[in-house]
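**Student:** Sharing a structure with you now.
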Amino acid sequence: MLLLRKSGAISFDDILTINGLRCITFQQACQEYGLLRGDQQWHDALNETAQFQSPRQLRMLFAMICGFGEVEDVPDLWVQHQVSLCEDFVHRYSEQTGPHYALADIEELLTSYNLSLQKLHLPTVDLPASVLERANFDVVEEQAKANSYT
């Protein structure tokens, strides 16, 4: 986007310099040119992807956006797209526990970007790895079983 706006740039510093002031990031330079609308581009990307890709692929994109996209409000991005991000887990388990599994999956994806749910101010989940590997495990069901023994 910046190369289309800034003709004659011969270095990264040229691209980052706008009206004599050097921006720290490419995102900041895009904002100075009025090319970005806050997090709207991330919402648009997730909305479009949700129409054609699986929830797993959407979670991968969500993690990538968080890792590289310099999102201003990650919790809002999660809330706005939670239904699409959790769709497969809600179908498999329940509306109550689906988001826990989606967040656990996102947490795993974020590790490749040296991020965590906590660093991004997202709800954290504490599901053991053995639970995540069991295809038919439902947190609510297992808690009900545990409570019936007490």
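**Student:** Please give the contour-minus-distance gain from Ser7 to Gln96: 0.36 nm per residue of separation, less the Cα-Cα distance, rounded to one decimal in nm.
**Tutor:** 26.8 nm
**Student:** Here's a follow-up. Treat each spin label as a single point 7 Å out from the Cα along the C-beta direction, and report the Ser54 to His121 distance in nm.
**Tutor:** If labels sit at Ser54 and His121, their model points lie 3.3 nm apart.
**Student:** Once Rh is set to the Kirkwood radius over Cα pairs, what Stokes-Einstein translational diffusion coefficient, in µm²/s, holds for segment 15-131 at a temperature of 25 °C and a viscosity of 0.890 mPa s?
**Tutor:** For these conditions, the coefficient is 160 µm²/s.
**Student:** Using θ = phi - 60° and the Karplus form 6.51 cos²θ - 1.76 cosθ + 1.60, what ³J(HN,Hα) does each residue of segment 16-32 get, whole Hz, x for Gly and Pro?
**Tutor:** Listing the rounded values in order: 7, 9, 10, 6, x, 10, 8, 7, 7, 10, 5, 4, 4, 5, 4, 5, 4 Hz.
**Student:** Which net charge results for the neighbourhood of Phe52, defined as the other residues with beta-carbon distances under 14 angstrom from its beta-carbon, given Lys and Arg at +1 and Asp and Glu at -1?
**Tutor:** Counting the neighbours of Phe52, the net charge comes to -2.
**Student:** Which one, Thr97, Thr25, Thr49, has the greatest fluctuation when you compute a Gaussian network model over the chain with C-alpha springs under 10 angstrom?
**Tutor:** For the chain, modelled as a Gaussian network with Cα springs under 10 Å, the answer is Thr25.
**Student:** Also: Based on alpha-carbon centroids, what's the gap between segment 84-98 and segment 1-32 in Å, whole number please?
**Tutor:** Going from one Cα centre to the other spans 42 Å.
**Student:** Using +1 at the Cβ of each Lys and Arg and -1 at the Cβ of each Asp and Glu in the chain, identify which of Cys30, Phe68, Cys86 lies farthest towards the dipole's positive end.
**Tutor:** Cys30
**Student:** Please list, ordered by chain and number, the residues whose modelled amide H lies under 5 Å from the amide H of Ile18; skip anything fewer than 5 residues away on the same chain.
**Tutor:** Long-range HN contacts for Ile18: Cys23.
**Student:** Using the beta-carbon distance between Tyr113 and Asn147 and R0 = 35 Å, what value does 1/(1 + (r/R0)^6) give for FRET efficiency, to the nearest 0.05?
**Tutor:** So, using R0 = 35 Å, E works out to roughly 0.40.
Bear in mind that the values in this text are calculations on the coordinates, not laboratory data. Just so you know, these numbers come straight off a predicted model, no measurement behind them. Neighbour counts are summed over all protein chains in view; Cβ atoms, including those assigned to glycine, are modelled from backbone coordinates with ideal geometry.
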